[in-house]
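To keep things clear, I will list the structure first and then write my remarks on it.
The values are calculated or read from the model by the stated rules, or taken from the named source; none is laboratory data. Please read these numbers as outputs of a predicted model, since none were measured by experiment. Cβ atoms come from the backbone with ideal geometry, glycine included; neighbour counts cover every protein chain shown. To get the accessible areas, we keep the full protein, side chains included, count just its heavy atoms, and leave off ligands, DNA and RNA. Shrake-Rupley method; radii C 1.70, N 1.55, O 1.52, S 1.80 Å.
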Amino acid sequence: MNNIDCIGQVCPIPVIRAKKALESLGEAGGVVTVLVDNDIARQNLQKMATGLGYQSEYEQKENGNVEVTIVAGEGCAVESCATDGDSGLVVAIGRNSMGEGSQELGQILIKGFIFALRELVPPPTHVLFFNSGSYLTSSDSNCLEDLRALEAAGTVILTCGTCTNYFEITEKLGVGEITNMYGIVTAMAGAKRLINL
């Protein structure tokens, strides 16, 4: 069993360290436990495990820390399990407006852009939100209807947890899931085509 102490380390470091430990196990598999001190890290570790096809569970410790246990076996990474109808398109949105100039116009344009994404067949595999773009997935965003339609069509909606924490809107997430920069980089690296706003 590999034990990794990630107390005091912010995402994506716990995910990266856990993934390296899992890779070192080889085909035989095994167990990796990761000790973290925040729930975002716990969520990201379990999402990573699920994406790789591994089982995971966690235990809340008395001191507030969380121990995540990942049981590794044969699995496949999300990016390597694409279906034949997969567009391979990843859209990365790092701002809550589109283009330069008028902020008001930029917000109208970004809403129109997200609406237009709904019309793509097949839809994007991922839409990623970071920096001020994370506001677009919050519960008071005027883009929620379109983003939920995309999600229902199979698009994975991911928002940077560091960004939602910075803007204090983590509890207001209205669609998709919280991820970390490692998850964002992985999705972008696995894209056949990338739109970066």
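Numbers at a glance
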read-out	value
Residue match in the stretch 51-65 (condition: of a type in the set (D, E, K, R), under 24 Å from Thr162 (Cα atoms) and assigned to a loop (DSSP other than H, G, I, E, B))	yes
Positions within the stretch 125-147 being in contact (Cβ under 8 Å) with a residue 24 or more places away in the chain and surrounded by fewer than 16 Cβ atoms within 10 Å (Cβ to Cβ), in sequence order	Asn131, Ser132, Ser139, Asp140, Asn142
The stretch 173-189, residues that are open to solvent by less than 50 Å² (accessible area, probe 1.4 Å), among the small types (Gly, Ala, Ser) and in a helix (DSSP H, G or I)	Gly183, Ala187
Selected residue (only one of Ser87, Ser80 is modelled with pLDDT under 90 and over 30 Å from Leu25 (Cα atoms))	Ser87
In the stretch 141-172, the residues that are assigned to a helix (DSSP H, G or I) and touching a Ser or Thr at 6+ places or on another chain (Cβ under 7 Å)	Leu147, Gly161, Cys163, Thr164, Thr170, Lys172
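Condition check ((1) basic (Lys, Arg); (2) at pLDDT 85 or above; (3) in a helix (DSSP H, G or I); (4) surrounded by 20 or more Cβ atoms within 10 Å (Cβ to Cβ)) across all residues:
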site	(1), (2), (3), (4)
Ile16	no, yes, yes, no
Glu23	no, yes, yes, no
Val34	no, yes, no, yes
Leu45	no, yes, yes, yes
